[in-house]
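Asks: Please see the structure below; I have some questions.
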Amino acid sequence: MNGTYSTIAFAREAERIVNQHNPNKPLYLYLPFQAGHAPLEAPQWYIKMYSHIRNKRRRIFAAMVTAMDEAIGNITTAFQKQGLWDNTLMIFTTDNGGHVFWGANNYPLRGSKATVWEGGTRGAVFVHGTMLRKTGYVNNELVHSVDWYPTLMTAAGITNTEADIDGIDMWDTISNGMPSKREDFVYNIDTNVPVSAIRYKQWKLIVGKPRPGSSGWYPPPHALVPVTDNQLTSKANTTTYLFDLNADPTEHFNLAEEKEEVVAMMEQRLENIMKTYVHDLSTLNPPTIKSDPANFGDAWSPGWC
């Protein structure tokens with residue numbers, strides 16, 4: 001790559017693919033930028049744009065996001081020039097919340113990346129396309145990342161014949177603003193920490209000890225709000241948390257003691273899920289060996305991150 005910033009390099013390759021694509025044939029383009037992820041690095045001309053931000057990590061993070069924003073703009077322009085834009089569905093999404101100790105911020109949501117709190121798991125998504133019947137609004141329906149597969153198949157006019165998949169077709173929810181078909185999902189089941197979290201309708205259950213040091217509310221560096229941690233709203237030995245996310249999306253009020261019947265129902269759901277639990281690759285196969293890029297055409301496989 002000759003020292004080229006990865007965000008710029010990836011964007012140029014995406015532009016090349018679009019510019020050389022036959023407009024009469026379908027195109028699926030998946031582009032996961034490194035920007036926003038550690039290590040915090042950006043060209044100086046982007047960093048200088050944010051010299052007013054005192055916090056160094058926040059300053060570099062802002063520069064990285066700006067570089068990504070510019071790259072997406074360049075790719076969008078390529079689609080438009082190639083005559084593809086009016087028949088393109090663009091989805092911009094994140095795979096997790098930001099790491100609050102590496103320049104990102106999830107406030108007022110609780111927690112950081114690598115936790116089961118809403119700040120570490122709730123993602124923002126932007127969808128654009130002329131095929132959307134309802135536009136210009138905020139959709140707060142429940143959608144999980146595994147839903148993209150069947151949803152995009154429907155959007156592309158493909159009939160899904162796979163019965164045993166985790167995802168649910170959400171095309172009506174995304175394109176028409178219809179209520180979500182999803183009622184529940186698993187945040188994570190980690191037998192190493194150990195901590196598990198599941199969602200059912202408005203209820204969220206956490207069992208175990210969430211990651212220490214990353215369970216508070218972390219306002220932006222410039223905000224005059226004190227950093228607070230989970231000990232302010234939960235007992236030090238708490239291992240069961242129940243939240244009503246409709247009423248308390250910031251997870252301030254643990255209702256486990258006063259909603260025992262809901263906890264029991266959620267624990268039963270978790271127990272049922274655990275019966276079909278499949279161990280993650282990192283516990284069965286050391287990722288430093290089994291995920292070695294040399295074994296997969298110089299590409300990292302699942303289990304390393």
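The values are calculated or read from the model by the stated rules, or taken from the named source; none is laboratory data. For clarity, every value in this text was computed on a predicted model and none was experimentally measured. For neighbour counting, all protein chains shown are included, and Cβ atoms are generated from backbone atoms with ideal geometry for every residue, glycine included. Surface areas here come from the heavy atoms of the whole protein model, side chains and all, with no ligands, DNA or RNA. Shrake-Rupley method; radii C 1.70, N 1.55, O 1.52, S 1.80 Å.
Asks: So how many residues does the range 95-120 have that are buried (at least 23 other Cβ atoms within 10 Å of the Cβ) and on the phi > 0 side of the Ramachandran plot?
Replies: Qualifying residue count for the region: 2.
Asks: Also: Given the conditions (1) closer than 24 Å to Ala247 by Cα; (2) at pLDDT 95 or above; (3) open to solvent by 50 Å² or more (accessible area, probe 1.4 Å), and given that Ala124 satisfies all but one, which numbered condition is not satisfied?
Replies: Single failed check for Ala124: (2).
Asks: Here is a follow-up. Count, please, the residues in the range 6-42 that happen to be open to solvent by less than 40 Å² (accessible area, probe 1.4 Å) and either within 15 Å of Gln82 (Cα to Cα) or hydroxyl-bearing (Ser, Thr, Tyr) (or both).
Replies: Within the range 6-42, residues that are open to solvent by less than 40 Å² (accessible area, probe 1.4 Å) and either within 15 Å of Gln82 (Cα to Cα) or hydroxyl-bearing (Ser, Thr, Tyr) (or both) number 5.
Asks: Given the options Asp166, Asp147, name the one that is closer than 22 Å to Pro249 by Cβ, among the acidic types (Asp, Glu) and touching a residue at least 12 places away in the same chain (Cβ under 8 Å). Reasoning before the result, please.
Replies: Details: Asp166 fails: closer than 22 Å to Pro249 by Cβ.
Criteria check complete, one pass: Asp147.
Asks: Given the conditions (1) of a type in the set (Phe, Trp, Tyr); (2) farther than 30 Å from Pro194 by Cβ; (3) open to solvent by less than 60 Å² (accessible area, probe 1.4 Å), and given that Phe92 satisfies all but one, which numbered condition is not satisfied?
Replies: (3)
Asks: Now, a different point. Step by step: first the residues of the range 167-190, then only those that are assigned to a loop (DSSP other than H, G, I, E, B) and small (Gly, Ala, Ser), then the one that is surrounded by the fewest Cβ atoms within 10 Å (Cβ to Cβ). Which residue is that? Spell out the reasoning first.
Replies: Initial filter on the range 167-190 (assigned to a loop (DSSP other than H, G, I, E, B)): 167-170, 177-183.
Narrowing further to those that are small (Gly, Ala, Ser): 167, 177, 180.
Values: Gly167: 19, Gly177: 14, Ser180: 17.
Top of the filtered list is Gly177.
Quick grid of which residues meet (1) part of a loop (DSSP other than H, G, I, E, B); (2) under 17 Å from the mean Cα position of the chain (by Cα):
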{"residue": "Lys25", "(1), (2)": "yes, no"}
{"residue": "Pro32", "(1), (2)": "yes, yes"}
{"residue": "Ile47", "(1), (2)": "no, no"}
{"residue": "Arg57", "(1), (2)": "no, no"}
{"residue": "Ile60", "(1), (2)": "no, no"}
{"residue": "Gly73", "(1), (2)": "no, no"}
{"residue": "Thr77", "(1), (2)": "no, no"}
{"residue": "His99", "(1), (2)": "yes, yes"}
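Asks: I need a count of the residues in the range 236-262 that are open to solvent by less than 20 Å² (accessible area, probe 1.4 Å) and either acidic (Asp, Glu) or closer than 13 Å to Gln202 by Cα (or both).
Replies: Number of matching residues: 6.
Asks: Of everything in the range 105-151, what is in a loop (DSSP other than H, G, I, E, B), closer than 24 Å to Pro179 by Cα and of a type in the set (Ser, Thr, Tyr)? Give them in sequence order.
Replies: Those that are in a loop (DSSP other than H, G, I, E, B), closer than 24 Å to Pro179 by Cα and of a type in the set (Ser, Thr, Tyr): Thr130, Thr135, Tyr137.
Asks: Please verify whether the range 214-227 includes one or more residues that are under 30 Å from Asn140 (Cβ atoms), modelled with pLDDT under 95 and loosely packed, with under 10 Cβ neighbours inside 10 Å. Show your work before the answer.
Replies: We begin by selecting, within the range 214-227, every residue under 30 Å from Asn140 (Cβ atoms); these are 214-227.
In the following step, the residues that additionally are modelled with pLDDT under 95 were identified as 214-227.
Okay, now just the ones that are also loosely packed, with under 10 Cβ neighbours inside 10 Å, so 224, 226.
Checked the range 214-227: at least one residue is under 30 Å from Asn140 (Cβ atoms), modelled with pLDDT under 95 and loosely packed, with under 10 Cβ neighbours inside 10 Å.
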